[in-house]
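> Below is the structure I would like to discuss, written out as structure tokens.
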Amino acid sequence: MKTTEKVFDGLVVLEYQSGNKKSFPILVNRHHLRLCKQSYRYTMDIEASKDIVQDSWKVIMNKLHTLKEPNSFGSWATKIVTRKSLDYISKVKRDKAKINDYSREYEVDVADDTRESDLKLLLSVIKELPENQRMVLRLFYLEEYSLKEIGEILDISVGTTKSRLFHARERLKTILKTRKNEKGY
């Protein structure tokens with residue numbers, strides 16, 4: 001998130017914390033779609049993502065007065081949505097049928113085009129990484145969060161974030177080299 005956006009969010013949060021309840025819809029309008037997309041990346045279920053984000057807004061509204069760093073609203077809200085999404089996934093994993101549906105969503109078709117097949121290979125290899133490494137990769141490369149923000153979202157230290165990112169990259173390199181050697185690239 002850009003610095004100017006963080007500052008604007010910080011000002012809106014301060015308005016809300018000082019008693020202006022009409023400022024809350026501004027935060028909803030600015031972040032709702034992004035939070036829905038964030039949840040969907042974990043759940044792969046549009047309706048569940050909408051419900052998760054709706055529940056998250058209730059939590060955010062009730063706890064916004066406790067936010068000590070108003071400029072970090074975006075990562076704080078993302079952390080809430082991420083945790084609720086992970087809770088949802090835990091519930092889904094208990095049901096064997098839903099686990100199969102969830103894993104099918106990630107299947108990658110083989111493509112004729114080399115570039116597309118390389119991308120699909122990368123995506124399929126990423127699926128093989130442990131969930132904690134996949135999350136760090138997703139937040140760092142796709143969401144463009146800093147290591148500190150990722151640590152806050154996942155409630156881990158910056159050192160742990162760096163370690164997971166490093167190990168994810170190394171594991172990707174190893175798996176990709178092995179796969180490419182098997183295919184004779």
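> Hey, any hits in segment 76-85 for a residue that's hydrophobic (A, V, I, L, M, F, W, C), surrounded by 17 or more Cβ atoms within 10 Å (Cβ to Cβ) and in contact with a Phe, Trp or Tyr (Cβ under 8 Å, 6 or more places away or on another chain)?
no
> Let me ask something else. Is it the case that some residue within segment 42-56 is under 22 Å from residue 151 (Cα atoms), in the same structural domain as residue 89 (by TED's automatic domain parsing) and at pLDDT below 95?
yes
> At least 1 residues that are under 17 Å from the mean Cα position of the chain (by Cα) and buried (at least 17 other Cβ atoms within 10 Å of the Cβ) in each: list the helices (runs of 4 or more DSSP H) lying fully within segment 1-64 that qualify. Reasoning before the result, please.
Numbers: elements: 3-17, 24-43, 46-63.
In segment 1-64, 24-43, 46-63 are the helices (runs of 4 or more DSSP H) which contain 1 or more residues that are under 17 Å from the mean Cα position of the chain (by Cα) and buried (at least 17 other Cβ atoms within 10 Å of the Cβ).
> Next up: Can you pull out the residues in segment 124-149 that are at pLDDT 85 or above and outside any helix (DSSP H, G or I)?
129, 130, 146
> Starting from segment 118-145, take each residue that is within 14 Å of residue 41 (Cβ to Cβ) and list its partners that are loosely packed, with under 14 Cβ neighbours inside 10 Å and modelled with pLDDT under 85, counting only C-beta distances under 7 angstrom and pairs at least six apart or across chains.
From residues that are within 14 Å of residue 41 (Cβ to Cβ), the pairs are 127/106.
> A further question on this structure: Do you know which residues across segment 74-123 are modelled with pLDDT of 65 or more, in the same structural domain as residue 63 (by TED's automatic domain parsing) and polar (S, T, N, Q)?
75, 78, 82, 85, 90
The values are calculated or read from the model by the stated rules, or taken from the named source; none is laboratory data. Just so it is clear, the model here is predicted, and its values are computed rather than measured. Don't worry about glycine lacking a Cβ; one is built from the backbone with ideal geometry, like all the others, and counts go over all protein chains shown.
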